[in-house]
Structure formats: structure tokens, C-alpha cells
Amino acid sequence: MASALLELKDMEVAFTIGKRAYPALQQISFKVEEKETVGIVGESGCGKSLTSLSVMGLLPETAAMTKGGIILNGQPMEPASSEGWSTVRGKQVSMIFQNPMSALNPLMPVGKQIAEMAMTHLSVSKQEAKRLAMEMMAKVGLSRVERLYDDYPHQLSGGMMQRIMIAMALICSPKLLIADEPTTALDVTIQGQILDLLRDMNRSIGTAILFISHDLGVIREVCDRVIVMYAGYIVEDAPVAEILDHPKHPYTVGLLQSLPSADKRGRPLYTIPGRVPSITDRGPGCPFAGRCPSATDLCESVTPELSQVAAGHQVRCHLYANGGRVI
Ligand SMILES: Nc1ncnc2c1ncn2[C@@H]1O[C@H](COP(=O)(O)OP(=O)(O)OP(=O)(O)O)[C@@H](O)[C@H]1O
Ligand SMILES: [Mg+2]
């Protein structure tokens, strides 16, 4: 069988604080196949961004991959090799962030920033890079691109800037695009347009997407599969339709209950009581035990393993260990 486009194998990432190492990600294993769209969902602090930064080889200085590894396109990635990463970044994997303003150079025209990306990675001439950049700007739905090419970031709206970021990320036709909360800073109408654009790009260019959001409602719009993260662990991984119809992990159930919907109109939205424990405050047992309505003594002391409950559906919960209820 051909290898997956991206594979994370039992990855652990830890921060060093003082003299101690605190794991922020543990036992992270998942695959993204070519052209697949995979979402990562979870509340703030669950480890979504850290997972995507690991895939880009862009971990903060105080963090390190302490176990496991990443295989990209069949190639094991060496955590310490910045050279290895720089050859894949842009060309094989690209990333767009929540706040495009902070990712763009304020002193360079936006079109030129896209063209420079093409010149760096595709070794094309200056003229050809400009032509490709304008073509890509049109593809991501920007109009009057000749004029826009010379505009500076501050002259653009948030939605236009996010389109520029997407053009920049896709100019080298990467196999994988990582989008970390790309629409959180945008208003709802523009948010919808950007989600449509990402879906179109996935279909027309075939770029696989790893889409990160704290909002399952947004992930449902874009993704085939969803990975639910909680306190540094993957707690559920399943096709989107399966998660919506048959959520298993009590945390996923809570996330679904807190989604707005027509039949909940007029009533206050549910929120899961409590909050995600910080990395310095994670003991043994299931990380969700303290907030879980179904927790037992076992949950307090033993961390559950991921177990398969249906084809392509995995859950990390003692309620479903060995494919069924054990407690
Ligand atoms: N530089 C850092 N030093 C210490 N801990 C950090 C650092 N950056 C992140 N963390 C911790 O690592 C964990 C995961 O952080 P991460 O940024 O991946 O969360 P997230 O799921 O992306 O959250 P958000 O939705 O707020 O973006 C959090 O508990 C966070 O406090
Ligand atoms: Mg984040």
C-alpha cells in the first residue's frame, strides 16, 4: 500500500520549564492521506497549534519532540534538521495562520510576497513569478489583481489578506496545507467565503488540508475526518458524519452539545463545566476525568488507550475499551 501523505507516529512534545520537562502532546498518532481534509478540534490549550507547528518543523525553542516522529511523503523528518524542514516547507507543506496581518511583511507589496515565494521554491524568473502570483491571486477569488499586486497589507481587508495568505501558501502546489484557525479573526460572511475557497482549492488543486479549529461547526463544513484533541491527547478520530451522528467520547459529546443549532435557539448555549488542565497540572489517568460526567475510579488512575469502535473510528475512553463498555 502507498504510504500516507503525512503520518505522525506516537509523537510526544514537551516543554522545558525550569529543570523539568512537561509533555504538551502525548501519543499523537494519525495519518493524512493525499487529497484528504482532516480537522483537528479542541478547546484552547488542547495542543492543536503545537501539533501543526510540529508538522512544519516550527516548534518553539523551549519545546522538543521527545518521542515518536513524523513521516512526510514517505520521508522520516529529523526533528533537529532545520535544513530538512526548509526544503519541504512551502513546496510540500504550507501553513496559513489565524492572523494574516502578523504573517505578512507590512513593508512589501502583497503580490510581490506571493511572487517571492514562487521564486524561492520554484526557481522561476522574476517575470514568471509575477505572472504565477497574479494567476494565483485570481484563483483565490481576488479581483483587479494587477492593481492589487502593488498594494501593501494595510490597504487590504481581513478577508482579502487571508486570501493573499492562501495564494502564498498554494503558489507552489504543496501536497498539504495546514490552516490554523484561518477564519477566527473574520466576520461570519467572510468566514463562509474563505471556507468555500479552501474546499474549492482542495477539489481543484488536490491539496490535502489539515484544518484546525475550536469550532466543530466550522470543521464540519470543510473536512472529511475529524480528530478531537483534549489536553495533549487525541481522544477521538472518525469521519465527520460518524462523529456528528455517533460521538463516543464524553468530551466530543460535550463539544457537540455546545454547538449552536436551530432547535436550541433562544436557549443559553451549553458549555462544558471546568477547563483544560495546564501542562504543569496534568496527572495520571484520563485527562478529561475531572470534567467527565461518566468518570469512575479507573479513569482517575489509568490513562485509556485509543481503541477502535467502528471502521475508521477510534476513541480514547475506558467506556469503550476493547470496542465495548467495560465499566
Ligand atoms: N511557549 C510555551 N511555553 C509553555 N507552554 C506552552 C507554550 N506554548 C504552548 N504551551 C502550552 O502547550 C499547550 C498546547 O498549546 P497550543 O498552542 O497547541 O494549544 P491550542 O489547542 O492551539 O490552543 P488555542 O485554541 O488557544 O490556539 C497549552 O497547554 C499551552 O499552554
Ligand atoms: Mg492554537
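The values are calculated or read from the model by the stated rules, or taken from the named source; none is laboratory data. These numbers were taken from a predicted model, which means no experiment stands behind them. With ideal geometry, Cβ positions are generated from the backbone for all residues, glycine too; neighbour counts draw on all protein chains shown. Accessible surface areas use protein heavy atoms only, side chains included; no ligands, DNA or RNA. Shrake-Rupley method; radii C 1.70, N 1.55, O 1.52, S 1.80 Å.
Based on C-alpha pairs under 8 angstrom that are at least 6 apart in sequence, the chain has a relative contact order of 19 percent.
Computed from the Cβ-Cβ distance with R0 of 45 Å, the FRET efficiency linking Ala310 to Asp187 stands at 0.75. Taking the square roots of 5 times each eigenvalue of the Cα gyration tensor of segment 141-209, largest first, gives ellipsoid semi-axes of 20, 15, 11 Å.
Spacing of the modelled spin labels on Arg131 and Leu107, each 7 Å from Cα toward Cβ, amounts to 3.1 nm. Of the residues Leu148, Ile279, Ala21, the one whose Cα sits farthest towards the positive end of the charge dipole of the chain is Leu148 (charges of +1 on Lys and Arg Cβ, -1 on Asp and Glu Cβ, taken about the Cα centre). Assuming a ≥ b ≥ c are the square roots of the Cα gyration tensor eigenvalues, decide whether segment 104-173 counts as rounded (a/c under 1.5), prolate (otherwise, with a/b larger than b/c) or oblate. It comes out prolate by the Cα gyration axes. Projecting the Cα atoms of Ala321, Phe97, Thr189 onto the dipole axis of the chain, where Lys and Arg carry +1 and Asp and Glu carry -1 at the beta carbon, places Thr189 farthest toward the positive end.
In a reduced charge model with +1 at each Lys and Arg Cβ and -1 at each Asp and Glu Cβ, segment 104-173 shows a dipole moment near 80 debye about its Cα centre.
Over the chain, what is the percentage of antiparallel beta bridges among all DSSP beta bridges, to the nearest 5? Looking only at bridges with both residues in the chain, the antiparallel portion is about 65 percent.
Summing Lys, Arg as +1 and Asp, Glu as -1, what charge do residues with Cβ under 12 Å from the Cβ of Leu8 carry, Leu8 excluded? Neighbourhood net charge equals -1.
Every helix of 4 or more DSSP H residues in the chain counts as -39500 (n - 2.57), and over all residues that averages to -9500 deg cm²/dmol at 222 nm.
For segment 239-250, 3J(HN,Hα) computed residue by residue from phi via the Karplus equation (6.51, -1.76, 1.60; θ = phi - 60°) reads x, 4, 4, 5, 5, 5, 8, 10, x, 10, 5, x Hz, glycine and proline entered as x. Using R0 = 22 Å, the C-beta based FRET efficiency linking Ser173 and Asp224 works out to 0.60.
Heavy-atom accessible surface of the chain, averaged per residue, reaches 48 Å², computed with a 1.4 Å probe. Rounded to the nearest 20 debye, the dipole size of the chain about its Cα centre is 260 debye, using +1 on the Cβ of Lys and Arg and -1 on the Cβ of Asp and Glu. The Cα-based radius of gyration of the chain, divided by its Kirkwood radius, gives an Rg/Rh of 0.99. Based on C-alpha pairs under 8 angstrom that are at least 6 apart in sequence, segment 104-173 has a relative contact order of 45 percent.
When peptides 312-319, 192-199, 140-147 are sorted by average Cβ neighbour count within 10 Å, with the highest value leading, the order is 312-319, 192-199, 140-147.
Karplus-based coupling profile of segment 45-51, in residue order and whole Hz: x, 7, x, 5, 5, 4, 5, with θ = phi - 60° in 6.51 cos²θ - 1.76 cosθ + 1.60 and x standing for Gly or Pro. Across segment 63-209, the relative contact order, built from alpha-carbon pairs under 8 Å that are at least six residues apart, equals 29 percent. Length gained on full extension, Ile71 to Arg199, computed as 0.36 nm times the residue gap minus the Cα-Cα distance: 43.6 nm. Among the lysines of the chain, pairs at least eight places apart or on separate chains and with Cα atoms under 13 Å apart come to 6. Here, segment 266-327 is characterised by an Rg to Rh ratio of 1.05, where Rg is the alpha-carbon radius of gyration and Rh the Kirkwood radius. Listed values for segment 284-297 are Karplus-derived 3J(HN,Hα) couplings in whole Hz (6.51 cos²θ - 1.76 cosθ + 1.60, θ = phi - 60°), namely x, x, 6, x, 8, 3, x, 10, 8, x, 9, 5, 10, 4, and x replaces Gly and Pro. Normalised by 2.2 N^0.38 Å, with N the number of residues, the alpha-carbon radius of gyration of segment 162-244 equals 1.10.
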